[in-house]
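Colleague: Have a look at this one.
The values are calculated or read from the model by the stated rules, or taken from the named source; none is laboratory data. Because the structure is a prediction, the values reported are computed rather than measured. Please note: Cβ atoms are built from the backbone with ideal geometry, for glycine as well, and neighbour counts cover all protein chains shown.
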Amino acid sequence: MSQAIQNSVAAAFPDTPGSARPPVRRGKRHDPRERRRRHTVELFAASALGLVPWTLILGLKLPSDYQVHAWRTTWVGFDIMLLIALATTAVLGKRRNLAMVIPALATAVLLVCDAWFDVSLEFGTSAVWASVALAVFVELPMAAFIVHRMHKLMHTHCAPPQAEDPPAREALQSGGQP
């Protein structure tokens, strides 16, 4: 295998057998990236556990009917957030900026929330059917489409690099051995 191919394999896959540099091994316990990942997972787990009693308390204490004073402000504000998320996604997408994934996923979440609130707040009225139709045929499919497209985008951009020429591709597939 040529030196250039060996160097490219070693750079792309430092732990590959036969690479020019020995792999750097750190204990998982002391690796700062692993520690950050573990702490992030722990934060999510603790937050999920903390939400269980809070949700039970709300289910028992909140009234089933409530007079709202800022109804228009709430919904207009929500739609403004949705508009900003959609527009930001469009602008970053037009620029081919991978950061578009963040506002795109925020858009998907806002669409699911919009569907939930529309249906749940109209439940028991004749307007519930229009809300269900909007949720089933517009908001939820659009949210699913966005999540699907962002998943494909991330998979495409985060896949391991592929060698352009056949000898390098063969070297990558054979584990870097000549």
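Colleague: Quick check: anything in segment 70-78 at pLDDT 90 or above, in a loop (DSSP other than H, G, I, E, B) and under 29 Å from residue 144 (Cα atoms)?
Modeller: Looking for residues that are at pLDDT 90 or above, in a loop (DSSP other than H, G, I, E, B) and under 29 Å from residue 144 (Cα atoms), one finds none in segment 70-78, hence no.
Colleague: Continuing with the same structure: Assess whether residue 96 counts as being assigned to a loop (DSSP other than H, G, I, E, B) and either at positive phi or within 21 Å of the chain's Cα centre (by Cα) (or both).
Modeller: Numbers: assigned to a loop (DSSP other than H, G, I, E, B): yes; either at positive phi or within 21 Å of the chain's Cα centre (by Cα) (or both): yes.
The answer is yes for residue 96.
Colleague: For segment 65-121, give me the residue count where each residue is of a type in the set (Asp, Glu) and surrounded by fewer than 14 Cβ atoms within 10 Å (Cβ to Cβ). Quick ask: steps written out before the conclusion?
Modeller: Residues of segment 65-121 that are of a type in the set (Asp, Glu), as a first pass: 65, 79, 114, 118.
Next cut, surrounded by fewer than 14 Cβ atoms within 10 Å (Cβ to Cβ) only: 65, 79.
Here the count works out to 2.
Colleague: Okay, moving on. Would you call residue 79 of a type in the set (D, E, K, R) and over 30 Å from residue 152 (Cα atoms)? I'd like the intermediate steps shown before the answer.
Modeller: Working: of a type in the set (D, E, K, R): yes; over 30 Å from residue 152 (Cα atoms): no.
When the stated conditions are applied, residue 79 does not pass them.
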